[in-house]
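Encoded as structure tokens, the structure appears first; notes follow it.
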């Protein structure tokens, strides 16, 4: 039986939902993030705010939260020529992928997460990759995660379980999942509390904009990440309104 997990936690909407997912299921949960000199490195501050708010608003989860880890991955930024690591406009490349794709990023993240999980005695690795609402990134696909689970387990001679709770749901359903997880936390009004936490404290905007407050949270409102988040929030709130009618 699995009792411990390591969550790849950037401080964004998806990874915060994944953190709540892990806290509901496992007795001990640790978090990991990577500083790869990303253009939106404000997320590294936002994630600490999210951890603080989760501990304050969800005491039962707070007792499960263990150590937080931040790894310096500057080398990834050095070898990447993308709009997430350089001050360039967002666009589609000739290969059909957006220039927000950082080649090898998730492969490297998962390898380092597994190495840390090995050292820390953590059995499950939870990541927010998704094949429903995504930009075609090949390292977010279910096949990639299954291959990594096998390779990492063989390469470290330890059976890891990679969980991807968002893999087959869209952004509206991710908002719904956050609400459901909050409701099941045992805290009064936990569903709305977790949604409010995601809105107010998580960061998704590729431009690192924390000055413009939208209905769904902070962000420029025009980058691909903001557009996806806004669309999902609209779908979520529309469903809530129809259910209340």
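Derivation of every value follows stated rules applied to the coordinates shown; laboratory data play no part. Everything numeric in this text was worked out from a predicted model, so none of it was measured. Here Cβ is always computed from backbone atoms with ideal geometry, including for glycine, and neighbour counts include all displayed protein chains.
For the stretch 144-245, the Kirkwood hydrodynamic radius from C-alpha pairs, put into Stokes-Einstein at 10 °C and a viscosity of 1.306 mPa s, yields a diffusion coefficient of 102 µm² per second.
Extension gain, residue 115-residue 187: 0.36 nm per intervening residue step, less the Cα-Cα distance, totals 22.5 nm.
Compare 170, 143, 157 in a GNM of the chain, Cα atoms joined below 10 Å, and give the one with the largest fluctuation. It is 157. If a spin label sat at a point 7 angstrom from the Cα of residue 132 along the line to its beta carbon, no backbone N atom of the stretch 193-223 would be nearer than 11 Å.
So if we plug the beta-carbon distance of residue 241 and residue 142 into 1/(1 + (r/R0)^6) with R0 = 30 Å, what FRET efficiency do we get, rounded to 0.05? In this case the efficiency is close to 0.40.
Once fully extended, how much extra length lies between residue 234 and residue 212, figured as 0.36 nm per residue of separation less the alpha-carbon to alpha-carbon distance? Please report the intermediate quantities before stating the final value.
Details: separation 22, 0.36 × 22 = 7.92 nm, distance 1.75 nm.
Length gained between residue 234 and residue 212: 6.2 nm.
For the stretch 4-244, relative contact order (Cα pairs under 8 Å, six or more residues apart, normalised by length) works out to 22 percent. When the chain is treated as a Gaussian network with alpha carbon springs shorter than 10 Å, the biggest mean-square fluctuation among 71, 148, 122 belongs to 71. Only helices enter the 222 nm calculation for the chain: every DSSP H run of n ≥ 4 contributes -39,500 (n - 2.57), and dividing by all residues gives -15000 deg cm²/dmol, rounded to 500. Highest mobility in the GNM of the chain, judged by mean-square fluctuation with C-alpha springs under 10 Å and restricted to 182, 155, 221, is found for 155.
Counting neighbouring beta carbons within 10 Å and listing from fewest to most, the residues 24, 176 come out as 24, 176. For 185, 10, the sequence from fewest to most other C-beta atoms within 10 Å is 185, 10.
Taking other Cβ atoms within 10 Å as a rough exposure proxy, 156, 1, 145, 110 sort from fewest to most as 1, 156, 145, 110. Using only alpha-carbon positions in the stretch 4-244, the gyration tensor eigenvalues give semi-axes of 25, 24, 17 Å once each is multiplied by 5 and square-rooted (largest first).
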